[in-house]
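Heads up, the thing below is written out as structure tokens.
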Amino acid sequence: MAQTARQKPVFRFAPSPNGFLHLGHALSALINQAMARETQGRLLLRIEDIDQTRCKPEFEAEILSDLAWIGFHAEPQLRRQSGHLADYREALDRLDALGLIYPSFLTRGEIKARVEAAEAAGESWPRDPDGAPIYPRDDLDRPPGERRRLLDSGLRHALRLDMKKAISLVGGPLTFVETGDGARGVVTADPEAWGDVILSRSDAPSSYHLSVVVDDAAQGVTHVVRGLDLFHATSVHRLLQQLLDLPEPRYHHHRLILGPDGRKLSKSAASTGLAALRAAGHSPSDIRLMLGL
């Protein structure tokens, strides 16, 4: 019996239009396309434009042009996050109904001062897998009256996930299936390593963590293919999927393209931007050679 479209594997490439694509994006896009072809699956394009302060229409236009130039061809209908804010709000409301969301008011400067003071006193401040300090639990422990007063004052805040409570609600261990360049096989997730992650901010209605799991479920994505820099974030995504009763995709985290400094490429690095490389006379075949494809 022939496979139906619903049964086919579904892949997606999901760039954010807050800058121009570089070689690292090209690698991810082309690996997604190759895996979709190998499995006779579907290939989707999603524009992650939820950060309206940094995302610009001109960047999206250049992204679409660059993708066409390197030979990336997804299904014609694309999903823009900015058109699905109600979906993220609904997910937040479901988590709030479970008692898992709380407002946090400490600024980055306040957190930095707390960390510096603790470390100056010889204490070791816990950090997440990206190296950022774990958010202190001050706001979670605020009396309800004080929390309401701060909210009513209009003070800018973020909504965070009560990680310890969320993990206790899920119960048993979380895992995910990894087929990429990380630890292959069934991987044990460790969402607690991230502390109380942000799920929404005053200037962005949804965080990457929340919107990506909602989007993948809405689009029926079965295979998440992305860079190794997001390998550890998968632990948070598996927790949110479990809490929101969303399907679990398979994960494939691929190698990164690093710059001369040994760090992953940035959208600000013009020398590795696809538009700059094209303007310099490079061909799509040259790009594939640069990527080792």
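Descriptive notes on the structure:
- From phi via Karplus (6.51, -1.76, 1.60), per-residue ³J(HN,Hα) for region 178-188 in Hz, x at Gly/Pro: 10, 10, x, 8, x, 6, 6, x, 8, 9, 7
- Amide H to amide H distances under 5 Å link Ser206 with Arg201, where only residues 5 or more positions off or on other chains count and H is placed in the peptide plane.
- Derived scalar couplings ³J(HN,Hα) [region 278-293; Karplus, 6.51 cos²θ - 1.76 cosθ + 1.60; whole Hz; x for Gly, Pro]: 5, 5, 7, x, 6, 9, x, 5, 4, 4, 5, 5, 4, 8, x, 9
- 30 Å Cα-Cα reach of Lys56 towards lysines, excluding residues that sit fewer than 8 places from it in its own chain: Lys264, Lys267
- Comparing mean-square fluctuations of Leu44, Leu150, Leu161 from a GNM of the chain with C-alpha springs under 10 Å, the top value falls on Leu150.
- Applying 1/(1 + (r/R0)^6) with r as the Cβ-Cβ distance of Leu106 and Leu256 and R0 = 41 angstrom yields a FRET efficiency of 0.85.
- Computed over the chain with a Gaussian network model linking Cα atoms closer than 10 Å, the most mobile of Asp152, Asp190, Asp245 is Asp152.
- You can think of it this way: the chain between Asp203 and Leu230 has 7.4 nm of extra reach, that is 0.36 nm per residue less the Cα-Cα gap.
- Cα gyration tensor shape of region 68-160, rounded if a/c is under 1.5, else prolate or oblate by comparing a/b with b/c: oblate
- Candidates Leu210, Leu98, Leu155, ranked by Gaussian network fluctuation over the chain, Cα under 10 Å, top entry: Leu155
- Residues in region 121-150 reached by a label modelled at Leu169 [backbone nitrogen below 13 Å; 7 Å Cα→Cβ]: none
- Taking a point 7 Å out from the Cα of His282 in the direction of its Cβ, the residues of region 33-68 whose backbone N falls within less than 20 Å of it are 33-34, 59-68.
- In this structure the amide hydrogen of Arg255, modeled in the peptide plane, comes within under 5 Å of the amide hydrogens of Asp181, none closer than 5 places in sequence on its chain.
- Distant-in-sequence amide H partners of Cys55 (H built 1.01 Å from N, under 5 Å): none
- Over the chain, equivalent-ellipsoid semi-axes from the Cα gyration tensor in Å: 34, 23, 19
- Taking label positions 7 Å along the Cα-Cβ direction at both Asp181 and Leu150, the computed distance is 4.1 nm, reported to one decimal.
- Judged by the ratio a/c of the largest to the smallest principal axis of the C-alpha gyration tensor, region 67-111 counts as oblate, that ratio being 1.5 or greater while a/b is no larger than b/c.
- Think of the chain as a dipole: +1 on every Lys or Arg Cβ, -1 on every Asp or Glu Cβ, centred on the Cα centre; then among Leu274, Pro173, Ser82, Leu274 lies furthest on the positive end.
- Per-pair calculated FRET efficiency, R0 = 51 Å: Thr53 and Leu289 via Cβ, rounded to 0.05: 0.90
Here, each number is a calculation from the coordinates, and none is a lab measurement. Predicted model, so just to flag it, every value in this text is computed and none were measured. With ideal geometry, Cβ positions are generated from the backbone for all residues, glycine too; neighbour counts draw on all protein chains shown.
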